[in-house]
1. Sequence-distant or interchain residues sharing an amide H contact under 5 Å with residue 45, placed H: which?
2. Between residue 82 and residue 160, what FRET efficiency follows from the Cβ-Cβ distance if R0 is 41 Å, with the result rounded to 0.05?
3. So if R0 is 25 Å, what FRET efficiency would residue 53 and residue 259 give, r being the distance between their Cβ atoms, rounded to the nearest 0.05?
4. Starting with the fewest neighbours, write out 120, 136, 207, 263 ranked by other beta-carbon atoms found within 10 Å of each beta-carbon.
5. Please list, or write none, the lysines whose alpha carbon is within less than 29 Å of the alpha carbon of residue 180, excluding same-chain residues fewer than 8 places away.
6. Using label points projected 7 Å from each Cα along Cα→Cβ, tell me how many nm separate residue 2 and residue 207, to one decimal.
7. From the convex hull of the Cα coordinates of segment 136-231, what is the mean projected area in square nanometres?
8. If contacts are Cα pairs under 8 angstrom and at least 6 residues apart, what is the relative contact order of segment 56-111 in percent?
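Readers should treat all values here as calculations from the given coordinates under stated rules, not as data from a laboratory. These numbers come from a predicted model, not from an experiment. Cβ coordinates were reconstructed from backbone atoms using ideal geometry, including for glycine residues, and neighbour counts include every protein chain displayed.
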Amino acid sequence: MEARAKINLTLEVFDRRADGYHDLRSLVVPISLADEVILRPAKEVTLRVTEAVSGVADQIGPTADNLAVKAAQLMRRVSGRTDGVAIDLVKRIPIGSGLGGGSADAAAVLHGLNDFWHLDISDEELANLSMELGSDVPAQTLGGLTLMEGRGERVTRESMPGLVLHLVLAFPGEFVSTAKVYANVIPQLTNGGQIVDNMRRALLGGDAEAVAAALYNGLSSAAEALCPAITRARAALRTAGALGVSMSGSGSCVFGLARDAADAQRVAKNLAGIGLTAFPVHTCPVM
Ligand code: C5P
């Protein structure tokens, strides 16, 4: 089963809440870069990680902290089952890049066990249950183009025809701590919904250039102040011919929009020429 990474087409950050988290509003969309999750019946919950992209598995933390394992334990608790599952994870999504790799794995386990154990839990209910696993998990559990609000606990699937966007992911080669980025952020004062509306209009119009102009990430300045390599990767994407550039989540991965698949290949090749790791991918806006 595929566990798709995500990018944030828009990400607005509002005030810090009493629980220490910031309120957000973000349009999230899955992309074609994916881990593979294989589930097999087992007595206990176990995890085996192999890497499809060199270096990714090395960054995986202890099994008990793994979101896929926590997702399996959550499903065990919810269903009242006493057996477990053997989880095989083939990692391709870089860790700590803002692409929601761990959340994608968790979402895949939730859906997988829902089917495997015939639990018949709706996507909306699964998304609600998944909030305890992390802020990005509900949006990735719901899947497709999704509006995420609050800390991530309020998720709504966008009811619009899905424009497939071609883009290039670029990795600055350095990581930033999510907590540090949020600690440095200057929250947005207005909350009028214009940023999301602009993006919705651009997506409906089906025009990659308009989408490029509507990209927004309120964490960018804070992340770039901590990690200048992000600024350099953004500039490199622009020079390589991207229509518009933004960062995903709290970074450090940045992405550039391309006109079509061939253009994305060309931009990625230009970046590889200057030593940046870059992948051409596309969005998967519909479940
Ligand atoms: O979601 P995660 O636990 O990875 O976030 C790490 C830290 O980033 C949180 O402890 C919090 O300080 C900050 N954060 C935030 N608002 C969010 C998400 C994360 O302030 N919506």
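1. Long-range HN contacts for residue 45: 85.
2. On the way: r = 43 Å, r/R0 = 1.05.
Here the calculated transfer efficiency is 0.45.
3. Details: r = 26 Å, r/R0 = 1.06.
My answer for the efficiency is 0.40.
4. Working: 120 8, 136 27, 207 14, 263 20.
The fewest-first ordering by Cβ neighbours comes to 120, 207, 263, 136.
5. 6, 70, 91
6. In this crude label model, residue 2 to residue 207 measures out at 2.9 nm.
7. On the way: hull surface 28.7 nm².
Directional mean of the projected Cα hull area for segment 136-231 stands at 7.2 nm².
8. Values: 46 pairs, mean separation 27.3, N = 56.
With pairs under 8 Å counted, the relative contact order is 49 percent.
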